[in-house]
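Read through the structure below, which is laid out as structure tokens, and then see the notes.
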Amino acid sequence: VSVGQDAAATLPDAPSQAPGNTGAAFDPEHIIYTGSIQLNTDDFKSTLSNIEAYVNEIGGFVQDASSSLTSEAVMGKTGAEGLRMGSITLRVPAEKFQDAMKELETFGIPVSTSQNSTNIAQQYQDIQGALANLKIQEERLTVYLAKAEKIQDMLTIESELNRVRTQIDSLTTT
């Protein structure tokens, strides 16, 4: 979210329960919404504080924030405090995304807004399938390890087991 005189507000990658775009099988839990709001305000610091308080109140958080003086302020063409602009990236609970977008527009004068959605159901299903296959491999390798008699076989199986477990960890994180 960017706040300030000539500032922008962004709510990226918040999954939503609302309908989304077409693509893989529709599953409301696998829709990611991104929103952007550009606001003008006369009181940058207060607006920024109010937005942060609101987002915390609804169970979200500020992921990234930055601010700077505008070129007019740097050149001395404005008052003592100058014109400020900033950007804030917010994360909000999926079920509160639409309400948050509407509420954030009230923190200043909206200059522009946009919303976007992505259906990640297919990617999610692909990862779930890969995880299931890797877990089957892990189980089989564990059985082979228990049956191995030669140290060389044990080391080879342990190496492969480590590779499979690393892939499982990586996909689970994804």
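Beta carbons closer than 8 Å, at least 6 apart along the sequence or on distinct chains, pair a first residue in the range 147-167 that is β-branched (Val, Ile, Thr) with a second that is open to solvent by 90 Å² or more (accessible area, probe 1.4 Å) for ILE157/TYR144. Considering only the range 144-154, state which residues are open to solvent by less than 100 Å² (accessible area, probe 1.4 Å) and either among the charged types (D, E, K, R) or part of a helix (DSSP H, G or I) (or both). Scanning the range 144-154 gives LEU145, ALA146, ASP153, MET154. Within the range 26-83, if we keep just the residues that are within 20 Å of ASN116 (Cβ to Cβ) and assigned to a loop (DSSP other than H, G, I, E, B), the residue that is modelled with the lowest pLDDT turns out to be PHE26. Is it fair to say LEU141 is in a helix (DSSP H, G or I), in contact with a helix residue (DSSP H, G or I) (Cβ under 9 Å, 6 or more places away or on another chain), at pLDDT 95 or above and closer than 29 Å to ASP27 by Cα? So LEU141 does not fit the description; no.
Flag: THR172 does not match the condition of being of a type in the set (Val, Ile, Thr), under 22 Å from the mean Cα position of the chain (by Cα) and not in a helix (DSSP H, G or I). Considering THR118, THR166, the condition of being touching a strand residue (DSSP E or B) at 6+ places or on another chain (Cβ under 6 Å), open to solvent by 50 Å² or more (accessible area, probe 1.4 Å) and among the β-branched types (Val, Ile, Thr) is satisfied by THR118 alone.
The values are calculated or read from the model by the stated rules, or taken from the named source; none is laboratory data. What you see is a predicted model, and the numbers here were worked out from it, not measured in a lab. Neighbour counts run over all protein chains shown; Cβ positions are idealised from the backbone, glycine included. Each accessible area value is taken on the protein alone, full model and side chains, heavy atoms only, with ligands, DNA and RNA left out. Shrake-Rupley method; radii C 1.70, N 1.55, O 1.52, S 1.80 Å.
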